[in-house]
Amino acid sequence: MKFRAVGEAFVILALACLPAIGEGFYFRDKASWQSPIPESELVTVDQARAWGSGAIWVDARPDNEFAADHVPGAFSLNEDRWNELLRQFLPNWSPDKKVVVYCSAQSCNAARDVAKRLRDEAQLKDVFVLKGGWEEWGKKNR
Amino acid sequence: MKTPILTFTLSILLAVAARAELKWEQNIIELHPSAGDKQAVAHFKYENVGKTAVHFKSVKASCGCTATQTQKEVVNPGEKGEVTATFNIGDRTGQQVKTITVQTDDPNPTQATMILTLKANIAQALEIKPTFVYWTSGEEPKTKKISLKAAKEFPAKDITIKSNSQNFESKIVPGKPGEWTVEVTPKDTSHPMGTALLIQTDYPKEAPKSFYVNAQITNPMPPPMLRAPVQSNAPAVKTATPAAIPSPAAR
């Protein structure tokens, strides 16, 4: 009786898994290629603003978007012109400053990629990605 | 009673028969641009295998670095075409994954949105770690080391280094074939200044490649009481100054 119940439970579980497996297979091409940014590497607009002059803002968006508008005092640093822009950014950095990188919105990857290069290649510490990006900054500053 | 059932069944059958459907040859394209390439172009080919025309509503790339182009607005039944995605490499390295979201007027929601993926593996010709060395103002001008390693497909045998600042001395120490250590020493750390060290390889001979390493004397660390406050729910803040180097406030 007991074994039968366990067996039935397994059958129900297996049947419940079938649609999930099917969906996973059907939508395999729509899976996200990027893992989410760890919470410890994110900062909200309010937190970053509270850092005041202790924060240095980095705009990872393309040149034309930076030229149109950006966080006051932000430095442009995108991967299109990484070498050139990094040279302009570094003289303004100091070890006591926290770096806040943003791109258009939460879904864009540019901020994550720029933050990663600053950490891995330039070996800067205290580099964060702005939650919600430029879109969120705009909402809080309107 | 029979008429509504028949009408319903017929309408379903007609809807299925009159479906619009774009069949994509590939929805993931992997590219391997050569060192020196400025762009990588992916051609996503499709065919309308349905019975009605398909209209493109939007084609959007996940990154401003990727430009997309459709050959036509409307794809008639049996027609073929392609969506071109041009990825501007810029100064990017490593594996890059960019997505292109294509929206059509296909009544089937699973067919109406298609996500195309462009993967580009950009070879890092010379691995440089770190690309930035710094000293805080007043810090002891100790030598800092940068390691360089050429990729297998980038057979550089020799490198040269140039600096536009007299304040930084740099020396190349060869290691195993294709590996070097660059030692950078500032003459004076009394005030903020910086330089970009230009590293050039002897490969390719006709157009040697250039890389940059940045060296900087940064502003002195402010005393702890003057530093910006950190909110309690903010991410943990670690000190960026190596423990062995006392901050100016402690000296």
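Most tightly packed first, judged by the mean number of other beta-carbon atoms within 10 Å of their residues, the peptides B:89-100, B:48-59 read B:89-100, B:48-59. Listed by Cβ neighbour count within 10 Å, with the fewest neighbours leading, A:ARG61, A:ARG87 appear as A:ARG87, A:ARG61. Computed from point charges on the beta carbon alone (+1 for Lys and Arg, -1 for Asp and Glu), the dipole magnitude for the stretch B:20-122 about its Cα centre is near 160 Debye. In the structure shown, the pairs A:LYS140/B:LYS119; B:LYS98/B:LYS162; A:LYS116/B:LYS144; A:LYS125/B:LYS60 are assessed against 26 Å; a Cα-Cα span above that value is assigned to A:LYS140/B:LYS119; B:LYS98/B:LYS162; A:LYS125/B:LYS60.
Other protein chain C-beta atoms within 10 Å of residue C-beta, averaged over B:94-105: 2. Within straight-line reach of B:LYS205, meaning a Cα separation under 17 Å, sit the following lysines at least 8 residues removed in sequence or on another chain: B:LYS152, B:LYS157. Partner aspartates and glutamates whose Cα lies under 19 Å from the Cα of B:LYS149, excluding those fewer than 8 positions away in the same chain, are identified as A:ASP120, A:GLU121, B:ASP91, B:GLU127, B:ASP158, B:GLU179, B:GLU183, B:ASP202. With a Förster radius of 51 Å applied to the beta-carbon distance between B:SER58 and B:ASN164, the computed FRET efficiency rounds to 0.60.
Read-outs: derived from the displayed coordinates by stated rules, not from any lab. Remember, it's a predicted structure, so these values are computed and weren't measured experimentally. Because the Cβ atoms are built from the backbone with ideal geometry, glycine has one as well, and the counts that use them run over all protein chains shown.
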